[in-house]
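Only one structure is covered here, and it is reproduced in the block below.
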Amino acid sequence: MPLSSSALAGPTPQPSTPQPPTAPPAERPHRRRIDLLVAVAAIAVAFWVTSGLWLDPNGRAITVNSSDQALFEWLLAYGAHALSHGQNPFFTDLVNSPDGVNLAVNTSVTVYAVVFAPLTYLIGPPATFLVVLTANLAGTAFGWYWLLSRHLVRSTPAAVLGGLFIGFAPGMVAHANGHLNWSAGWVAPMLLWGVLRLRQPGRWLRNGLLLGVLVAVAFSIAAEGLFFTALACGVFLGTWALDRGRRAEARALLPNFLRGLGVTAVVAFALLAYPLWMHFLGPQRFHGTGFDPVIHAEDIAAYGAYPQRTLAGLVGLDTSLAPNPTEENSFLGLPLLVLAVACFGLLWRRADPVRRATLRALGVTALVFTVLSWGPRVKIFETHTDIPLPYSLLGHLPVFNAALPSRLALVVAPVVGLLLAHAVDLLRSVPLSRRARTGWLAAFAVALLPLLPTTLLTVHRDPVPEFITSGTWRQYVSPGGVLTPLPLTLDLAPDGQRWQAYALAHRQGEFAIPAGFFLGPGGPDGRGRIGPVPRPTDALLMEVAQTGDVPTITDADRVTARADLAYWGVELVVLTPEAHGAKFPIHWEELLDVGTALFGEPERVSDVWLWRIAP
């Protein structure tokens, strides 16, 4: 396979398939100490990035994406509950009553939910979410360092630089704004390690089994990320194998590789058969997503821009070229782009024709994913054009139609990190003049220092009401009955799932909610949408919650509200003055007025107002 050992180093003759660097026995304790230091450094930076949440895990939320944070907290709580109660982890009727939610087509992070179930029960979903988020960032940096140091470069500084850059690249830090799936970047180096092992002669069965398990784990955490990684491997390996200098080696490796890949497919399918069936054939499935691929495409200028949560952003050099701060998927900065090109040129000049096949494959992979990340039409400096791009031919295909094109840019940062690591590896192995060495050090500093991450922005989050935390709700709702907050639960008002997550994680029992924050059917042209198709009452209540405008409530409105409550099976309506809005403050006083006009006078119980709904 192409990426191993010193495949991008200078022209010193080596075997056509170099072996991974192996530390002599005397050096292994030294390597372990370095591993420990890198792990500590990665954890320290991850803590720094998430430090705003660590101040109060239960009382702080991510400013720009508290809705996704609430969703993943709920997924951790529900997964633990499903495991301990023998329920289906891929479908639930506790949300979106009475239709339920297909979690297989959502990001259910099943492996995380299962592995961290004891911690969820011990410290609660918000704190467990924070532990996983921090571990994701640290694990991504260490995972790439490990892959580089064991299989790709010989220089420890090169492996450390590459690992830390990829682990805390702008896209990774941006997705730390609430995404437990995309912040799990450690999955990619583990998958690449599994792919590299498929070249080993005589071990195709064992290596295929291992890679199959890794694929199943990756699917359960970030199916979209697994697809991107597989696509990147396909582009890279295809480009490499077609090179004239590598064709003979590719033909020799192909039988063993295909045997291992076949085992991988069998194992992965066996482990994923049910979630795949649920994904494509199960109830409440859909195709595509609820997101516009034109909006969620990378702005061409974003590659040379700086992101918000970096030193450059701190001094005002950031831009608004992303649809939201969580989707700053490229944002490498112009100096780093120039440095990456310079590193590519340096490596190309020093490489022999055989090694240039690997460089060419890296370059093609970066180019392909850069262009695809631009989406179906050219967008530059926030100006949309009608100029078509290759993604317009792919966006309607299965799997592609469920991915956001801008996130394809997340593949580019690891390629840049690999180029930086290999360039450092080469620069440390060849004699350089003092002037040249100083020039390269200055170039790396200018390119990388502005991208040093700063802490995520956090905000106070109103607590779960005592009515829920004390378990008082059980006196008003039958086991498994339906309770709803005002407004109904949606991505902009995620309280219902926060309350539910608390109840499940604290073993209080179950209550269902109508609506919810999830992806489900009902979008245009049969595509998915966020949340259910709204009914008149929840649309009315959300409008009041967001704007504070109180409409005149008529008898027709009351009849409609009763019909909607009956459809959802609601037994209890709850309003708290500490409702949390993800993007706007909830106008609870106006909701109290509208709720009274719709349902009658409320009761004051504990710290909430409530309306009992007769069947």
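Looking at V95, V64, V111, which is the one that is under 14 Å from L519 (Cα atoms) and either part of a strand (DSSP E or B) or hydrophobic (A, V, I, L, M, F, W, C) (or both)? It would help to see each step written out before you state the result.
Values: V64 fails: under 14 Å from L519 (Cα atoms); V111 fails: under 14 Å from L519 (Cα atoms).
Step by step, each of V95, V64, V111 is checked, and only V95 is under 14 Å from L519 (Cα atoms) and either part of a strand (DSSP E or B) or hydrophobic (A, V, I, L, M, F, W, C) (or both).
Scan region 65-88 for residues that are in contact (Cβ under 8 Å) with a residue 24 or more places away in the chain and surrounded by fewer than 21 Cβ atoms within 10 Å (Cβ to Cβ) and jot them down.
Taking region 65-88 as the starting set, the residues that turn out to be in contact (Cβ under 8 Å) with a residue 24 or more places away in the chain are 65-84.
Of everything in region 65-88, those that are in contact (Cβ under 8 Å) with a residue 24 or more places away in the chain and surrounded by fewer than 21 Cβ atoms within 10 Å (Cβ to Cβ) turn out to be L83, S84.
Quickly run through region 500-553 and pick out the residues that are closer than 20 Å to V101 by Cβ, outside any strand (DSSP E or B) and of a type in the set (A, V, I, L, M). If the condition is that a residue be closer than 20 Å to V101 by Cβ, outside any strand (DSSP E or B) and of a type in the set (A, V, I, L, M), then A501, A503, L504, A505, I513, V533, A539, M542 are the ones that fit.
Out of F168, F116, F129, one residue alone is of a type outside the set (V, I, T), surrounded by 22 or more Cβ atoms within 10 Å (Cβ to Cβ) and outside the structural domain of R197 (by TED's automatic domain parsing). It is F116. The one condition from (1) polar (S, T, N, Q); (2) under 27 Å from the mean Cα position of the chain (by Cα); (3) at pLDDT 90 or above that T289 does not meet is (3). Selection over region 457-475 of residues that are in contact (Cβ under 8 Å) with a residue 60 or more places away in the chain and crowded, with 19+ Cβ neighbours inside 10 Å gives a count of 5. Check region 320-337 and report whether any residue there is in contact with a strand residue (DSSP E or B) (Cβ under 7 Å, 6 or more places away or on another chain), buried (at least 19 other Cβ atoms within 10 Å of the Cβ) and assigned by TED's automatic domain parsing to the domain that holds A174. Yes. Going through (1) of a type outside the set (G, A, S); (2) touching a Ser or Thr at 6+ places or on another chain (Cβ under 8 Å); (3) more than 30 Å from G288 (Cβ to Cβ) one by one, P201 falls short only on (2). Evaluating Y476 against the criteria (1) at positive phi; (2) modelled with pLDDT of 95 or more leaves one unmet condition, (1).
For D462, the conditions (1) farther than 26 Å from V45 by Cβ; (2) out of contact with any Asp or Glu (no Cβ under 8 Å at 6 or more places or on another chain) all hold with the exception of (2).
Number of residues in region 393-415 that are touching a residue at least 60 places away in the same chain (Cβ under 8 Å) and either in a helix (DSSP H, G or I) or more than 16 Å from V294 (Cα to Cα) (or both) equals 14. Taken together, V315, V341 contain a single residue that is surrounded by fewer than 16 Cβ atoms within 10 Å (Cβ to Cβ) and closer than 30 Å to G245 by Cβ, which is V341.
Could you list, in sequence order, the residues of region 561-577 that are touching a helix residue (DSSP H, G or I) at 6+ places or on another chain (Cβ under 8 Å) and not in a strand (DSSP E or B)?
Initial filter on region 561-577 (touching a helix residue (DSSP H, G or I) at 6+ places or on another chain (Cβ under 8 Å)): 561, 564-565, 572-577.
If the condition is that a residue be touching a helix residue (DSSP H, G or I) at 6+ places or on another chain (Cβ under 8 Å) and not in a strand (DSSP E or B), then A561, D564, L565, T576, P577 are the ones that fit.
Checking the stated criteria, A443 turns out not to satisfy the condition of being hydrophobic (A, V, I, L, M, F, W, C), under 28 Å from the mean Cα position of the chain (by Cα) and either buried (at least 22 other Cβ atoms within 10 Å of the Cβ) or under 24 Å from P307 (Cβ atoms) (or both).
Quick one: is G395 surrounded by fewer than 16 Cβ atoms within 10 Å (Cβ to Cβ) and at pLDDT below 95? Break it down into steps so the answer makes sense when it comes.
On the way: surrounded by fewer than 16 Cβ atoms within 10 Å (Cβ to Cβ): no; at pLDDT below 95: yes.
Spelling it out, it is not the case that G395 is surrounded by fewer than 16 Cβ atoms within 10 Å (Cβ to Cβ) and at pLDDT below 95.
Can you spot a residue in region 163-175 that is in a loop (DSSP other than H, G, I, E, B), touching a residue at least 12 places away in the same chain (Cβ under 8 Å) and closer than 30 Å to Q308 by Cα? For region 163-175, residues in a loop (DSSP other than H, G, I, E, B), touching a residue at least 12 places away in the same chain (Cβ under 8 Å) and closer than 30 Å to Q308 by Cα: present.
A quick yes/no check of all residues on (1) in a helix (DSSP H, G or I); (2) in contact (Cβ under 8 Å) with a residue 24 or more places away in the chain:
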residue	(1), (2)
D292	no, no
E298	no, yes
G316	no, no
L337	yes, yes
V341	yes, no
R349	yes, no
A357	yes, yes
A361	yes, yes
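Does R558 qualify as being part of a helix (DSSP H, G or I), of a type in the set (K, R) and out of contact with any Pro (no Cβ under 8 Å at 6 or more places or on another chain)?
Details: part of a helix (DSSP H, G or I): yes; of a type in the set (K, R): yes; out of contact with any Pro (no Cβ under 8 Å at 6 or more places or on another chain): yes.
Yes: the conditions hold for R558.
In this structure, D299 qualifies as surrounded by 17 or more Cβ atoms within 10 Å (Cβ to Cβ), touching a Leu at 6+ places or on another chain (Cβ under 8 Å) and among the acidic types (D, E). Taking the criterion of being in a helix (DSSP H, G or I) and farther than 17 Å from A342 by Cβ, the only residue of region 429-448 that qualifies is R434. Taken over region 573-587, the criterion of being touching a residue at least 40 places away in the same chain (Cβ under 8 Å) and of a type outside the set (V, I, T) is satisfied by L575, E578, A579, H580, G581, A582, K583, F584, H587. Any residue that is at pLDDT 95 or above, assigned by TED's automatic domain parsing to the domain that holds T310 and part of a helix (DSSP H, G or I) - is there at least one of those in region 372-385? Looking for residues that are at pLDDT 95 or above, assigned by TED's automatic domain parsing to the domain that holds T310 and part of a helix (DSSP H, G or I), one finds at least one in region 372-385, hence yes.
Within region 260-287, the set of residues being surrounded by 16 or more Cβ atoms within 10 Å (Cβ to Cβ), assigned to a helix (DSSP H, G or I) and not polar (S, T, N, Q) comprises G260, L261, V263, V267, A268, L271, L272, P275, L276, M278, H279.
The values are calculated or read from the model by the stated rules, or taken from the named source; none is laboratory data. This structure is a prediction, so every number in the text was calculated from the model and none was measured. Reconstructed Cβ throughout: ideal geometry from the backbone, glycine too, with neighbour counts over all protein chains shown.
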